[in-house]
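Peer 1: For reference, the structure I am asking about is given below.
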Amino acid sequence: LPSDITATTGLDALTQVLEPYVSCRASPLTDPLCREGLHRAARSLRGACSRGDEEAARLDMAVTSLFGGLALANAGLGAVHGFAGPFGGMFSAPHGAVCACLLPHVMATNVAALKKRSPSSEVLRRYSDIARILTYGFGDADVPALIEKATAASSMKGNPIELSPDELTAILEQSL
């Protein structure tokens, strides 16, 4: 497949293992499928898109897609697909691209709502798991060192305004 189609179908596959993992119907059956799918997508989606002949990356994404289908059939999806389905019926846009546009905003809204209305929810830990898997282990303990290095980076000097450590921390927290 061309890289743009690989990207949109891959992002849909990623979304279809992520949403069942945080679903209110997640279970011991779906959890391992979702976690393994997240790991495979994290390590292979970029490679499958940029190097179309990379068989291992394409296999990982095919397995991610399979696991997503099994997981969603048993645990359901969430707001990303809740919007993406009707959106696709109303507008001509690739389904995976719609999912990709919605995913970070749905996740951020879900995390904020959970923290406010259900702060002891197990799903907050699951979102942290997702962040670690998709960002290769980055976590709260890494924030100070990353901010120190980013502040010293030459690229940061081109930012339109100097950001405080609190602002930089907020950016990283919102990105997870």
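The values are calculated or read from the model by the stated rules, or taken from the named source; none is laboratory data. On a predicted model such as this, the values are computed, not experimentally measured, just so you know. Quick reminder, even Gly has a Cβ in these numbers, built from the backbone with ideal geometry, and neighbours come from all protein chains shown. Only protein heavy atoms, including side chains, enter the accessible area calculation; ligands, DNA and RNA are left aside. Shrake-Rupley method; radii C 1.70, N 1.55, O 1.52, S 1.80 Å.
Peer 1: Treat each spin label as a single point 7 Å out from the Cα along the C-beta direction, and report the D4 to L66 distance in nm.
Peer 2: In this crude label model, D4 to L66 measures out at 3.0 nm.
Peer 1: Can you give me the C-alpha center-to-center distance between segment 19-59 and segment 128-158, rounded to a whole angstrom?
Peer 2: Between the Cα centre of segment 19-59 and that of segment 128-158, the gap is 23 Å.
Peer 1: Pulled fully out, how much extra length does the chain show between F83 and V143, if you take 0.36 nm times their separation in residues and subtract their Cα-Cα distance? Kindly include the intermediate steps, with their values, before the conclusion.
Peer 2: On the way: separation 60, 0.36 × 60 = 21.60 nm, distance 3.27 nm.
Extending this stretch completely gives an extra 18.3 nm.
Peer 1: Determine the per residue accessible area of segment 32-115 with all protein chains present and a 1.4 angstrom probe, expressed in square angstrom. Working shown, then result.
Peer 2: Details: 4490 Å² over 84 residues.
Using a 1.4 Å probe on heavy atoms only, each residue of segment 32-115 averages 53 Å².
Peer 1: Please return the longest range in the chain lying between exposed loop sites, taking trypsin sites (Lys or Arg not before Pro), DSSP loop only, at most 16 other beta-carbon atoms within 10 Å, and leaving the sites out. Could you put the intermediate results ahead of the total?
Peer 2: Numbers: sites that count: R25, R51.
With trypsin sites (Lys or Arg not before Pro) excluded where exposed in loops, the chain gives 52-176 as its longest stretch.
Peer 1: In the chain, which longest range has no chymotrypsin sites (Phe, Trp or Tyr not before Pro) that are both DSSP loop (not H, G, I, E or B) and surrounded by at most 10 other Cβ atoms within 10 Å?
Peer 2: Values: sites that count: F91, Y136.
Free of exposed loop sites, the longest segment is 1-90.
Peer 1: If I stretch the segment between V123 and T135 completely, what's the gain in nm (0.36 nm per residue apart, minus their alpha carbon distance), one decimal?
Peer 2: 2.5 nm
Peer 1: Express the relative contact order of segment 23-114 as a whole percentage, based on alpha carbon pairs under 8 Å and six or more residues apart in sequence. Show your work: numbers first, answer last.
Peer 2: Details: 66 pairs, mean separation 26.7, N = 92.
So the answer I get is 29 percent.
Peer 1: Per the 1.4 Å probe, what fraction of the accessible area of the chain, in percent, lies on carbon and sulfur atoms? It would help to have the intermediate numbers written out before the result.
Peer 2: Numbers: 6260 of 10340 Å².
The nonpolar share, carbon plus sulfur, comes to 61 percent.
Peer 1: Cross-link candidates for K157: which lysines have Cα within less than 27 Å, leaving aside residues fewer than 8 places away along the same chain?
Peer 2: Result set, ordered by chain and number: K149.
Peer 1: Of (1) 24, 18, 15; (2) 28, 21, 17; (3) 24, 22, 16, which is the value of semi-axes √(5λ) of the Cα gyration tensor in Å derived from the coordinates here?
Peer 2: (2)
Peer 1: Under unit Cβ charges (Lys, Arg +1; Asp, Glu -1), what dipole magnitude, rounded to 20 debye, does segment 30-169 have relative to its Cα centre? Spell out each step's value before the answer.
Peer 2: Values: 14 positive and 14 negative charges, 49 e Å.
Computed charge dipole of segment 30-169: roughly 240 debye.
Peer 1: What figure, in Å² to the nearest 10, do you get for the accessible area of I147 with a 1.4 Å probe and non-protein molecules left out?
Peer 2: Near enough 20 Å² of accessible area.
Peer 1: Here's something else I'd like to know. Relative contact order for the chain using alpha-carbon pairs under 8 Å, separation at least 6, rounded to a whole percent? Mind showing how you got there, number by number?
Peer 2: Numbers: 189 pairs, mean separation 43.3, N = 176.
After rounding, I find 25 percent.
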